[in-house]
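These notes concern the structure reproduced below.
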Amino acid sequence: MAITNIMKRFQNKVCFVTGAGSGIGKATALSFGREGGKVVVTDINEAAAQAVVAELLASGAEAIALKVDISKRTDVESAVKTTVETFGRLDCAVNSAGIAGTVSLPTHEYPEENWLQMMNINLTGTWYCVKAELTQMLAQGGGNIVNIASAAGLVGQPTNVPYAASKHGVVGITKTAAIEYATQNIRVNAICPTAIETPMLMEGRRKLAHNPEALEQAKNLQRMKRMGQPQEVADVALWLCSDESSFITGHAMAVDGGAFA
Ligand SMILES: NC(=O)c1ccc[n+]([C@@H]2O[C@H](COP(=O)([O-])OP(=O)(O)OC[C@H]3O[C@@H](n4cnc5c(N)ncnc54)[C@H](O)[C@@H]3O)[C@@H](O)[C@H]2O)c1
């Protein structure tokens, strides 16, 4: 569908996205730009963030790239500070940065080092983001936060215990903050996708691009018998950041092709 002025829901809104160099975060950043947002593209991969900003600028959007490792509190705090210095405020934040790890082992064999790394990024990193975003949104009188959790934030994920634990934790952060700030014009929601066709899934731990059998299995878990696309998650993130979802907060929304039906 052509994007018309009517659909520019984020005109002059300042939209901050983590993990915006790839996959769901990238689709979200580009969507904010198409809809008039001033986009802050953050990623630990600076070159990837800059490439997304180049795309945004070429399309006529305003955007800046920032190198941010969400597991470093000072990185996150200074990114929010730069956002406000550059664009004056922070209206929408989509926290998409995360990792699925490289290890597939049952819980009793899962290595501590890999557990800690995933917790530091997916759980503590997301908390740093939410904390800094809330602080700014409280100061300016409102805002919208969307955390990209996972289906593994709602059910277990065999052979990846820290992923399920960290994503359940992200849902916990989301619900707690939603309650705490519900009367302060700040909404906090989470999205819980199943299998989305991004580098994480296709080239990461499960390497689905190179394993036709596992790819079929992943598709079959969805009732629609296909992978979801990053844009299909980005569209939900933008809706949750928009006024169209004004009575929704604390929700952990499955985007799952019917898997949980
Ligand atoms: N792809 C899926 O099937 C799926 C399903 C459910 C949930 N998710 C979640 O969606 C989010 C986005 O995943 P994706 O599939 O787009 O993956 P992706 O690998 O394509 O993108 C993730 C981005 O996060 C960045 N990143 C990684 N660690 C970071 C850190 N410490 N600080 C800042 N940036 C960091 C990466 O550089 C990358 O650009 C993740 O939180 C993931 O857990 C993905």
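Readers should treat all values here as calculations from the given coordinates under stated rules, not as data from a laboratory. Since this is a predicted model, take the numbers as computed values, not measurements. Cβ placement follows ideal geometry from the backbone for every residue including glycine, while neighbour counts extend to all protein chains displayed.
Out of 223, 187, 205, which single residue is basic (Lys, Arg), in contact (Cβ under 8 Å) with a residue 40 or more places away in the chain, away from the ligand (no atom under 14 Å from the Cβ) and not in a helix (DSSP H, G or I)?
Details: 223 fails: in contact (Cβ under 8 Å) with a residue 40 or more places away in the chain; 205 fails: away from the ligand (no atom under 14 Å from the Cβ).
Being basic (Lys, Arg), in contact (Cβ under 8 Å) with a residue 40 or more places away in the chain, away from the ligand (no atom under 14 Å from the Cβ) and not in a helix (DSSP H, G or I) holds for just one of 223, 187, 205, which is 187.
I'm trying to understand the selection: among the residues of the stretch 49-78, which are part of a helix (DSSP H, G or I) and within 19 Å of residue 30 (Cβ to Cβ)? Before the answer, list the steps.
Filtering the stretch 49-78 for residues part of a helix (DSSP H, G or I) gives 49-58, 73-78.
Matches in the stretch 49-78: 49, 50, 51, 52, 53, 54, 55, 56, 57, 58.
Looking only at the stretch 64-86, decide whether some residue is within 18 Å of residue 190 (Cα to Cα), near the ligand (Cβ under 9 Å from one of its atoms) and either surrounded by fewer than 21 Cβ atoms within 10 Å (Cβ to Cβ) or not acidic (Asp, Glu) (or both). Give the derivation first.
Taking the stretch 64-86 and keeping what is within 18 Å of residue 190 (Cα to Cα), we get 70.
After this cut, where a residue has to be near the ligand (Cβ under 9 Å from one of its atoms) as well, the list is 70.
Retained after the next criterion (residues that are either surrounded by fewer than 21 Cβ atoms within 10 Å (Cβ to Cβ) or not acidic (Asp, Glu) (or both)): 70.
Yes; the residues of the stretch 64-86 include at least one that is within 18 Å of residue 190 (Cα to Cα), near the ligand (Cβ under 9 Å from one of its atoms) and either surrounded by fewer than 21 Cβ atoms within 10 Å (Cβ to Cβ) or not acidic (Asp, Glu) (or both).
Could you count how many residues in the stretch 35-48 are on the phi < 0 side of the Ramachandran plot, more than 8 Å from the ligand (Cβ to nearest atom) and either surrounded by fewer than 18 Cβ atoms within 10 Å (Cβ to Cβ) or not charged (D, E, K, R) (or both)?
6
Here are some residues: 29, 58, 20. Which one is among the aliphatic types (A, V, I, L, M) and surrounded by fewer than 24 Cβ atoms within 10 Å (Cβ to Cβ)? Spell out the reasoning first.
Numbers: 29 fails: surrounded by fewer than 24 Cβ atoms within 10 Å (Cβ to Cβ); 20 fails: surrounded by fewer than 24 Cβ atoms within 10 Å (Cβ to Cβ).
On inspection, the qualifying residue turns out to be 58.
Among what's in the stretch 6-28 and is within 16 Å of residue 228 (Cβ to Cβ) and hydroxyl-bearing (Ser, Thr, Tyr), pick the residue that is nearest to the ligand (Cβ to nearest atom).
Within the stretch 6-28, the first condition is being within 16 Å of residue 228 (Cβ to Cβ), and the residues that meet it are 22-28.
Imposing the further condition that a residue be hydroxyl-bearing (Ser, Thr, Tyr) reduces the set to 22, 28.
Details: 22: 3, 28: 9 Å.
This residue is 22.
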